[in-house]
Amino acid sequence: MFEKIDIIIPTNKPKNRLKKFFRELTESLDLSKFRIISTHLDTSAAVNRNWGLHQATSDVVIMIDDDISGFYPGWAEELIQPLLHQNTIVMISARLMRSKTKLGVMMNIIPDMTRHYQHKTLIYGQQNQTYVDEYERRLIPIKALPSACIAFRKTEIRFDCAYRGAGFEDTDFCMQLNEKFTKAIYMINNNVKLIHKNEMKNQLNGQLLHNQQYYLRKWGL
C-alpha cells in the first residue's frame, strides 16, 4: 500500500485563525499522496514539532511554518525529490523568499541561485594574520537549515524542549543529526521558491536570548 507523506504544521495558533493558510495549502496538494498534521498547542515550537513527529507515520516528513505562502501544485513533490533519491541527504529546504522576486534570509547561508540545488555556502576566512583586511573566500558544506519549510528523514531524534518559545530549537535539531550522521548533506532546493513571512513568533520576550545562551552552552560554542 502506498504510504502518504506527512506534512507537519507546528503551530500554536488555533485552526480558525489559519483558514487562508490551510485553504492555500490544501489546494496545492494531491491529498492522495500527502497527509496534513497540524498541532495547535499553546506551547513552544519544540513541543509542537515533537507532537507532530509523534503523529507522523511516513519515513520522510515535511515540516512547514504557518507563515509560509506561495504554494503551487507540485511544490511538495518537487521539494522531496532529491531526498528520496540520495540517501546521504538528511534534510532539504525550500528556497525561502521575502516576496516573489526577493530572496529571504536563511540563517547565514549566502544564496547561490546559479544551480538547482545548493549544498555549500561561501564564507570569508582570514588569509593572513598580519594583514587582517585580506580575506580568502571558500565554500563549506551547509550543516544546518532554517525550519520554515523543510523535509527530512524521520528518526528517533527529537527537538529539545528546553528551548523556550521559538528559536535555535531547529539548529539544535540539525546538530543532533550531524552527530548521528557524520556525512550528512543539507540542501536548499532552488526549484521550490516559497514566501516566508518570518513572523518570529515566541521570540520577542527574552526567549531568543535564553535559547541562544542555552544552545551555546549545550554545544560548547
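The values are calculated or read from the model by the stated rules, or taken from the named source; none is laboratory data. Everything numeric here is computed off the predicted structure, so don't read it as measured data. Here Cβ is always computed from backbone atoms with ideal geometry, including for glycine, and neighbour counts include all displayed protein chains.
Overview of results
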quantity: Filtered residue count, the range 171-201, keeping only those that are free of Cβ contacts under 8 Å to residues at least 60 places away in the same chain, of a type in the set (D, E, K, R) and closer than 19 Å to residue 109 by Cβ; calculated: 1
quantity: Within the range 13-132, strands (runs of 3 or more DSSP E) holding 3 or more residues that are hydrophobic (A, V, I, L, M, F, W, C) and surrounded by 12 or more Cβ atoms within 10 Å (Cβ to Cβ); calculated: 34-38, 60-64, 89-97
quantity: Residue in the range 96-112 that is on the phi > 0 side of the Ramachandran plot and in contact with a helix residue (DSSP H, G or I) (Cβ under 8 Å, 6 or more places away or on another chain) present; calculated: yes
quantity: Selected residue (only one of 41, 79, 53, 84 is under 28 Å from residue 176 (Cβ atoms) and at pLDDT below 95); calculated: 84
quantity: Members of the range 20-77 that are in contact with a helix residue (DSSP H, G or I) (Cβ under 7 Å, 6 or more places away or on another chain) and hydroxyl-bearing (Ser, Thr, Tyr); calculated: 28, 38, 39, 69, 72
